1. Determine, yes or no, whether Ile251 is without any contact (Cβ under 8 Å) to a residue 60 or more places away in the chain and more than 26 Å from Thr140 (Cβ to Cβ).
2. Are any residues in the range 311-341 closer than 24 Å to Gly426 by Cβ and among the polar types (S, T, N, Q), and if so, which ones?
3. If I filter the range 155-167 down to residues being more than 18 Å from the chain's Cα centre (by Cα) and of a type in the set (Val, Ile, Thr), which single residue comes out as least open to solvent (accessible area, probe 1.4 Å)?
4. Any idea which residue in the range 168-195 is surrounded by the fewest Cβ atoms within 10 Å (Cβ to Cβ), counting only those that are in contact (Cβ under 8 Å) with a residue 60 or more places away in the chain and hydrophobic (A, V, I, L, M, F, W, C)?
5. Just need a number here: residues in the range 155-170 that are among the aliphatic types (A, V, I, L, M) and not in a loop (DSSP other than H, G, I, E, B).
6. Taking helices (runs of 4 or more DSSP H) that do not extend beyond the range 36-142, which have at least 1 residues that are modelled with pLDDT of 95 or more and open to solvent by 10 Å² or more (accessible area, probe 1.4 Å)?
7. When both residues are 6+ apart or on different chains and their Cβ atoms are under 6 Å apart, which pairs have a first residue that lies in the range 284-311 and is within 21 Å of Pro165 (Cβ to Cβ), and a second that is of a type in the set (S, T, N, Q) and modelled with pLDDT of 90 or more?
8. Taking only pairs six or more apart or across chains, which ones have beta-carbon atoms under 8 Å, a first residue in the range 442-462 that is closer than 29 Å to Lys362 by Cβ, and a second residue that is in a loop (DSSP other than H, G, I, E, B) and of a type in the set (Gly, Ala, Ser)?
Amino acid sequence: MPYASRVFLQDSPVTSRGRVALLRRGFEQGTGRKRDIGRAIGQRIEVRGGVVEMLGDEMTRILWQSIREKLIDPYIQFEKLRTYDLSLQNREKTSDQVTIDAAKAVAKEGVGVKCATITPNGDQIAEFQLSQRWSSPNGTLRKYLARRFKGAVIFREGIFAKNIPRTIKHNVIIGRHPEGDIYDAIEESITKGEKVQLIVTSENGDRREIAIRSFDRAPGAVRVEHMDDASIDAFARTCFKFALTNKFPVILGVKDTISKQLDQRYVDRFKTIYKNEFKKEFEKAGIFYAKNLIDAVGAGLLRPNQRDVVLALQNRDGDVMSDIVAEGYGSVAMMVSYLITKDAKTMVAEAAHGTVADQYRKHLEGESTSVNPMALIFAWTSALAHRAKLDNNVALLGFAQEVEAVCIDTIEKGHLTGDLTRAIDGSKKKKRKESEPRQYLTTEQFMEVLGDRLAQRITGKTLEQRMETLIPQGEDASRTSLAA
């Protein structure tokens, strides 16, 4: 299950590779979890704690509905599922109030699961007829929760199947600071001839004026980034706690040779907290903490014989590096992302990728698509596992584990989407003939296979047979929508 749930809510964590092996053994041999969820054959598992569902955009929104219909709704009875539509159209309609409402709901319920959403660029303002260029929903959610709970970290973790080749062989967990960097920066356009100064005012009214530059040559723009020690401290402690529980070393990636104030604060705060609070425990566990330049960290990803590691990265670096790592695992769809707050009681899980716009355009044109749903499915299982552990719901936790096991086993049995076939063919291109294109499943076919294999695993029936045996529950009983 997701690292965040294990780190703070379980006594015996399993590393990601260990988790995959454990799930595989459970799938092949059968486990006690099946007995726990076996009573769901004729009824759904009751989930009494709140879950906040956030709908998204484009191809991922279509996949989201299919995941609900085939993998979630036939087995889960939500008592309080709060659904918020974060599509770009609804954010425009509500002046983005829906995103704030969703963030507040997550803070109240403790569990959120989010579909990928569009963050509009300049061209999309006209394309979608927007009144303004709305902020990233992810940024809004992360900022609200990090400040509401006085700290948070985004962890991004790979989804591994043994038949999918990987250029990055070791397990890299991205610990991304969800505050600061360009995502919280203040930006302003500057006209030619203007001068920019930074004015710092103390509590007693004393002022310092720091000259930035004069725009004598041409117009331009200015960006002010900012960060306080309290946020860095919460980030550091959460990364260290995470790594200690999972027996992973921590490497902080910075550019302190250039950023002698802001990046240096990360270096100083991590060093102090590690020395005073974690060093003895790390040494006892046989792991370490180190600081390295961010470019060296990136280069190290491709070196052979590297050990599993937690990379503690600033916001933008974590965003970029996680996509690189995901591609190194075979596909950007083979990575799940979840934000965990400082108190470890609130989580938002999501895919680490975007809305898959190119496939959505094909879908609109009536062409077949082949989109990998793994990250979206694991977002759901991560959220359900966190809800299960908060509520001590053994049946729900067992169900989430079964879904993940079925997903991994399905890929390893050779049922593949287009991205995974390309990953396999790319690693064997010298051995395969051009006249031997590997077959792959369409989006709908892959979801059908997953749905039937999960139903067979849990109930011994096909998905269609499963739906026929369910106790009637009313048209909207499994979905309680409290917001547009």
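1. Working: without any contact (Cβ under 8 Å) to a residue 60 or more places away in the chain: no; more than 26 Å from Thr140 (Cβ to Cβ): yes.
No, not satisfied.
2. Step one: of the range 311-341, the residues closer than 24 Å to Gly426 by Cβ are 320-336.
Scanning the range 311-341 gives Ser322, Ser331.
3. So in the range 155-167, the residues more than 18 Å from the chain's Cα centre (by Cα) come out as 161-167.
With of a type in the set (Val, Ile, Thr) added as a condition, the list becomes 164, 167.
Numbers: Ile164: 9, Thr167: 101 Å².
Per the criteria, the residue is Ile164.
4. Across the range 168-195, the extreme among qualifying residues is Ile182.
5. Start the filter on the range 155-170 by keeping residues that are among the aliphatic types (A, V, I, L, M), which leaves 159, 161, 164, 168.
Then drop every residue that is not not in a loop (DSSP other than H, G, I, E, B), which leaves none.
Residues flagged as among the aliphatic types (A, V, I, L, M) and not in a loop (DSSP other than H, G, I, E, B) within the range 155-170 amount to 0.
6. Numbers: elements: 58-67, 88-93, 97-109, 122-127.
Fully inside the range 36-142 and qualifying: 58-67, 88-93, 97-109.
7. Note: pairs meeting the criteria are Asp308/Asn171.
8. From the range 442-462, the pairs are Thr442/Ser368; Thr442/Ser370; Thr443/Ser368; Thr443/Ser370; Phe446/Ser370.
The values are calculated or read from the model by the stated rules, or taken from the named source; none is laboratory data. Keep in mind that this is a model prediction, so the values were computed, not measured. FYI the Cβ positions are ideal-geometry reconstructions off the backbone, even for glycines, and counts take in every protein chain you see. The protein model used for the area step is the full one, side chains on, heavy atoms only, and it has no ligands, DNA or RNA in it. Shrake-Rupley method; radii C 1.70, N 1.55, O 1.52, S 1.80 Å.
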